[in-house]
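Some notes on the structure that comes next.
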Amino acid sequence: IQGNQVVQHILHMENMTEEFEDLMHQYKLNISLPHVMKMKGSKTPKLTHANLTSANKALLHQVYRRDFEAFGYSMGTLDEDRKPSNITSAGKEDICSSSRNDRKVLDKIQINHLLPVSPAPKILCYIPTISTEHQGKVREVLDTWGKRCDKLVFLSNATNDDIGAVTVNITEDNWAHLWEKGREGTQFIWETYGNDYDWFLKADLDTYIIMENLKAYLASEEISSRYNEPLILGHRLSLPATQQKFGSNKTLEKEFLEKSNHTFRFTSGGAGYAMNKKYFKTFYESLDAYFCMSNKEDLTQPEDVALNFCSSSL
C-alpha cells in the first residue's frame, strides 16, 4: 500500500507449486496445493512474450516498472521465460566472477530502451586523446558506443573533422597533463556546446558506455526529478587522504582533510562520469578559483582527482 509491502510472503503464479511447498516447509506444515484440471476445449491462443512487439514490451516496462521491482522481477522478464529475481540487472561481482573466456558474460548485461514518447536527455560525450590514437582507439569508440552519443568530441592535440577531434592547447600534450587538458577541454565544451545538451559525459578511450542504459537512467524519475540540482554520476572510489597529493595549496589541503575526515572520495575518470548542465556550468565557472587547482604546478594532477577536489569546495 503506497509503496509499502503489507504481507509477509509473496508467491508467484508461474512458480506457485514450488514456492508454496517451500513456504509450507518453512512453517513445518503438511499442506499441499490440490491439482486443478485445466480447461479443455478452449481454442483461445496462448499469449506469450513472443507475441509482444518491442514497443509493447517497452510500454509494459514503463507503466508497470514499480510492480516489476516490488515483486522481484527483472525488467527483462518479458524477453524470455525466467524465474523472478531480487535484482534488476547483473551486479559487478556477478559479471566479474565469470571466466574471462566466457563469451556469455555479455548476456548478463541488460539493455534498457526508452520509449519514443519518453523525453530522452541529450548527451554530449567528450574524450581526451592524442593524434597517434586517431586511427586506433578513437576509431574503435566511433564504431561502437560513441555513435550513440548525441554529440561526440575528442579533445586532442590535432584537429580532425572526420572523427570530431578538436585541438586543445596545453603546455605539453601527454598523459601527465590530463588536468590541464581537462580544464581547457571543459572551457571549450561549455563555451561551444553548453546550451545545447542536458548532460556532459567525460570518458576515456578504454571506457565502454551502454548509452541506452545511461539514457534510460537519466530519464528515470529518480534522476529527472533532481535535474535542477547540480549532479555528477559515476563510480565512486575512496582513498585514505595520505595516499593522495592535493596540489600546492597547503591551506586548502588542510581545510579539505578536516572536513572529509581524512578520506578522499572521488568519481573515477576511467569509468566515466556524467554531469548535468547545472553541475557542468558551475564547474566551468569555478575553474579559475583558488580551490580548483588553477596554479601552474598543479596542472599535472590526475584529472578525475582534481575535478572532484575542486567540486568538494563548490
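The values are calculated or read from the model by the stated rules, or taken from the named source; none is laboratory data. This is a predicted model, so every value here is computed, not measured. Cβ sites come from the backbone with ideal geometry, for glycine too, and all protein chains shown count toward neighbours. Areas reflect the complete protein model, heavy atoms only, side chains present, ligands, DNA and RNA absent. Shrake-Rupley method; radii C 1.70, N 1.55, O 1.52, S 1.80 Å.
Can you give me the distance in nm between label points at residue 251 and residue 32, each placed 7 Å from the Cα along the Cα-to-Cβ direction? It works out to 8.1 nm between the two label points. In the context of the full set of protein chains, residues of region 129-228 present 49 Å² of accessible surface per residue (probe radius 1.4 Å, heavy atoms only).
Could you list, in their original order, any pairs among 254/277; 57/278; 137/202; 137/181 whose Cα atoms are separated by more than 22 Å?
Working: 254/277 30 Å; 57/278 34 Å; 137/202 16 Å; 137/181 18 Å.
Too far apart for the 22 Å limit: 254/277; 57/278.
So if R0 is 25 Å, what FRET efficiency would residue 192 and residue 137 give, r being the distance between their Cβ atoms, rounded to the nearest 0.05? Don't skip to the answer; put the middle values down first.
On the way: r = 23 Å, r/R0 = 0.93.
Step by step, r from the Cβ atoms, then E = 0.60.
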